[in-house]
1. Could you please tell me which pairs satisfy a Cβ distance under 9 Å, a separation of 6+ or placement on different chains, a first residue in the stretch 241-264 that is outside any helix (DSSP H, G or I), and a second residue that is basic (Lys, Arg)?
2. One residue is enough: does the stretch 61-73 have a residue meeting the conditions of a type in the set (Phe, Trp, Tyr) and at pLDDT below 95?
3. Determine whether the stretch 126-149 contains at least one residue that is under 30 Å from Gly29 (Cα atoms) and in contact with a Lys or Arg (Cβ under 7 Å, 6 or more places away or on another chain).
4. For the stretch 142-169, how many residues are in contact with a Phe, Trp or Tyr (Cβ under 8 Å, 6 or more places away or on another chain), farther than 18 Å from Glu212 by Cα and of a type in the set (S, T, N, Q)?
5. Only residues that are under 16 Å from Gly232 (Cα atoms) and not small (Gly, Ala, Ser): list them for the stretch 136-170, please.
6. It is to be established whether one or more residues within the stretch 225-240 are in contact with a Leu (Cβ under 8 Å, 6 or more places away or on another chain), farther than 30 Å from Tyr139 by Cβ, part of a helix (DSSP H, G or I) and touching a residue at least 60 places away in the same chain (Cβ under 8 Å).
7. What pairs come up if the first residue lies in the stretch 289-310 and is surrounded by 14 or more Cβ atoms within 10 Å (Cβ to Cβ), the second is in a helix (DSSP H, G or I) and not basic (Lys, Arg), and their beta carbons are under 6 Å apart, counting only those six or more places apart or on different chains?
Amino acid sequence: MTDSETYEVTVVGGGPAGLTTALYTTRLGHDTAMINRGGGRAAMMKDTHNVVGVTEDVSGVEWLQTGVEQIQEYGAAYYRDFVESIERLDDGSFRVEAGDVTVETEAVVLATGFSDKRPDPPLPRTGAGLHYCLHCDAYMFVDEPVYVMGHGEATAHVAMIMLNFTPEVDILLRGDDPTWSAETDEQVRAHPIDIVEAEVAGIQNGDDGWLEAIEFENGERREYRGGFAMYGSEYNTALAEQLGCELTDSGEIAVGDHGKTSVDGVWAVGDVVPGHNQIPVAMGQGAKAGIDIHYDHRTFPMDTDEIEARGGIDESDVPAISPRLREIANDHHSGPPSQADEAAADD
């Protein structure tokens with residue numbers, strides 16, 4: 001049987017951007033639900049890079065689980081489910097349909113991310129020689145032999161950028177013809193980069209599971225520590241399109257500075273919107289969206305006309321935070337007695 005719940009804010013997606021949005025809206029007093037299908041780019045990380053305060057021995061799964069526990073501690077509801085549809089209701093709210101839960105909500109946050117298009121077959125194994133984020137992982141390959149796999153503009157440019165980190169960079173076309181421009185072709189061939197045309201035949205891994213070498217169908221064997229696959233991205237915008245949100249020419253959800261989409265009441269954050277696909281960037285977007293939602297949905301300050309229409313504000317109207325979140329907040333920050341409490345008790 002499907003449960004039906006009501007929240008002020010519903011976040012679809014449980015990556016860094018979605019978790020941060022939910023953290024802010026919950027701590028700012030708005031009943032918040034997160035519906036997360038699981039997986040995603042951050043969950044693929046064997047190690048966490050470029051996140052201040054988080055050491056590299058923390059995996060993506062561990063980091064995300066800590067975030068889920070944190071939002072639940074502040075009172076957010078968490079559902080592990082797949083959102084099938086979102087529709088706008090006559091009163092301006094939204095109905096979010098997932099497998100085992102139906103949510104009615106005033107605000108929707110789409111944090112649905114994107115999927116990297118993977119080489120076929122996906123060789124070598126992701127996280128142990130196959131990478132997708134230059135800004136996250138280039139540091140790992142200083143003075144190491146690396147490949148960049150693909151045939152488009154991004155492939156050529158990432159290969160040239162990697163020369164900032166290592167002198168040994170190959171482009172692996174894997175039997176495809178280059179699709180980059182003539183100008184890019186002239187530029188990349190002017191750099192000390194080998195372009196390998198042959199298809200991949202197999203890989204060799206070390207005892208630690210990391211890539212050691214790639215074998216090609218022409219019989220050649222080349223040693224690599226790892227590299228990057230550049231075949232583009234598939235943005236998860238099906239829900240945004242259901243709602244009528246405007247998309248960019250590149251396929252992301254178009255948003256304003258604080259994550260508002262073209263549809264009133266809908267925000268979008270993280271890898272599904274334009275910008276650098278980085279955890280700290282996604283977290284910043286989530287924070288800005290959470291604050292913006294608070295500005296739109298907080299009860300006070302109240303317009304004087306509204307105060308007059310409702311006959312004034314009395315003690316029962318404040319605070320505006322829901323009783324449930326109010327109780328959780330009081331439990332959360334009630335710690336050891338302060339010096340003032342102890343002095344009062346002594347009196």
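The values are calculated or read from the model by the stated rules, or taken from the named source; none is laboratory data. Bear in mind that the values here come from a model prediction, so they are computed numbers and not experimental data. Heads up, the Cβs are rebuilt from the backbone with ideal geometry, glycines too, and the neighbour counts pull from every protein chain shown.
1. Here the result reads Gly244/Arg88; Asp257/Lys288; His258/Lys288; Gly259/Lys288; Val263/Arg88, each pair linking the stretch 241-264 to a residue that is basic (Lys, Arg).
2. There is at least one residue in the stretch 61-73 that is of a type in the set (Phe, Trp, Tyr) and at pLDDT below 95.
3. no
4. Number of matching residues: 1.
5. Filtering the stretch 136-170 down to residues under 16 Å from Gly232 (Cα atoms) leaves 148-159.
Of everything in the stretch 136-170, those that are under 16 Å from Gly232 (Cα atoms) and not small (Gly, Ala, Ser) turn out to be Val148, Met149, His151, Glu153, Thr155, His157, Val158.
6. Yes, the stretch 225-240 has at least one match.
7. Ala289/Thr21; Gly290/Thr21; Gly290/Tyr24; Gly290/Thr25; Ile293/Thr25
Listed here are the residues, each with its yes/no results for (1) under 20 Å from Gly244 (Cβ atoms); (2) among the aromatic types (Phe, Trp, Tyr); (3) touching a His at 6+ places or on another chain (Cβ under 8 Å); (4) in the same structural domain as Ala289 (by TED's automatic domain parsing).
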{"site": "Val103", "(1), (2), (3), (4)": "yes, no, no, yes"}
{"site": "Glu106", "(1), (2), (3), (4)": "yes, no, yes, yes"}
{"site": "Val109", "(1), (2), (3), (4)": "yes, no, no, yes"}
{"site": "Ala138", "(1), (2), (3), (4)": "no, no, no, no"}
